[in-house]
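Notes to accompany the following structure.
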Amino acid sequence: QVQLVESGGGLVQPGGSLTLSCTVTNSVFSRYTVSWHRQFLVEQRELVASSTKSGEVNFADSVKGRFTISRGNADHTWYLQMRNLKPEDTAVYYCNYKDLLNDSWGQGTQVTVSS
């Protein structure tokens, strides 16, 4: 079973930067999509960014130009680099991995943007 562990959340001032990490274990398929989602309190979870292994990426309009998604050299760790953070970026951020047989979520990491 594919497992994900996120890290890197925290408290940052408006305009600051954070990088979230998502470590994926037990992945065996060559075709998959990794994505980042966020959820603020009881609001609906929203897609922030996604990337296929081949490099096709998509971003929510609210984060375009500020967030990037990338893969580590070992292919087991994915990153969400966030810059110019705004208070409305405050949320719990979740990593998702999806392939032919798996649809797995991490436990989430809190990002708080506040002065």
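The values are calculated or read from the model by the stated rules, or taken from the named source; none is laboratory data. Keep in mind that this is a model prediction, so the values were computed, not measured. A quick note on method: Cβ atoms are made from the backbone with ideal geometry, for glycine too, and the neighbour counts reach across all protein chains shown. Just so you know, the surface numbers come from the protein's heavy atoms only, side chains and all, with ligands and any DNA or RNA stripped out. Shrake-Rupley method; radii C 1.70, N 1.55, O 1.52, S 1.80 Å.
Scanning region 33-62 for residues that are touching a strand residue (DSSP E or B) at 6+ places or on another chain (Cβ under 6 Å) and in contact (Cβ under 8 Å) with a residue 24 or more places away in the chain turns up THR33, VAL34, SER35, TRP36, HIS37, ARG38, GLN39, PHE40, ARG45, VAL48, ALA49, SER51. Scanning region 100-115 for residues being closer than 13 Å to VAL34 by Cα and open to solvent by less than 20 Å² (accessible area, probe 1.4 Å) gives a total of 2. Looking at region 51-62, which of the residues that are of a type outside the set (Gly, Ala, Ser) and closer than 13 Å to THR33 by Cα is least open to solvent (accessible area, probe 1.4 Å)? So, considering only residues that are of a type outside the set (Gly, Ala, Ser) and closer than 13 Å to THR33 by Cα, the one least open to solvent (accessible area, probe 1.4 Å) is THR52.
Cβ-Cβ under 6 Å, sequence separation 6+ or interchain: first residue in region 1-18 and modelled with pLDDT under 95, partner aromatic (Phe, Trp, Tyr) and buried (at least 17 other Cβ atoms within 10 Å of the Cβ). Which pairs? Going by the 6 Å Cβ cut-off, the qualifying pairs are VAL2/TYR97; LEU4/TYR97. For region 63-74, the set of residues classified as at pLDDT 95 or above and either more than 13 Å from the chain's Cα centre (by Cα) or open to solvent by 60 Å² or more (accessible area, probe 1.4 Å) (or both) consists of LYS64, GLY65, ARG66, THR68, listed by residue number.
This table checks each residue for (1) in contact with a Gly (Cβ under 9 Å, 6 or more places away or on another chain); (2) open to solvent by 30 Å² or more (accessible area, probe 1.4 Å).
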position: GLN3; (1), (2): yes, yes
position: GLY10; (1), (2): no, no
position: VAL34; (1), (2): no, no
position: PHE40; (1), (2): no, yes
position: GLU46; (1), (2): no, yes
position: HIS76; (1), (2): no, yes
position: ARG83; (1), (2): yes, yes
position: LYS86; (1), (2): yes, yes
position: VAL92; (1), (2): yes, yes
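Taking the criterion of being part of a strand (DSSP E or B), closer than 18 Å to VAL42 by Cβ and in contact with an Asp or Glu (Cβ under 8 Å, 6 or more places away or on another chain), the only residue of region 95-115 that qualifies is VAL111.
Considering only residues in region 17-32 that are of a type in the set (Gly, Ala, Ser) and surrounded by fewer than 15 Cβ atoms within 10 Å (Cβ to Cβ), the one that is nearest to PRO87 (Cα to Cα) turns out to be SER17. Contact map, region 79-97: residues that are within 8 Å of VAL113 (Cβ to Cβ) and among the hydrophobic types (A, V, I, L, M, F, W, C) paired with residues that are surrounded by fewer than 18 Cβ atoms within 10 Å (Cβ to Cβ) and at pLDDT 95 or above, Cβ distance under 9 Å, separation 6+ or inter-chain. Pairs shown: LEU85/GLN13; LEU85/PRO14; LEU85/GLY15; LEU85/GLY16; LEU85/SER17; LEU85/ARG66.
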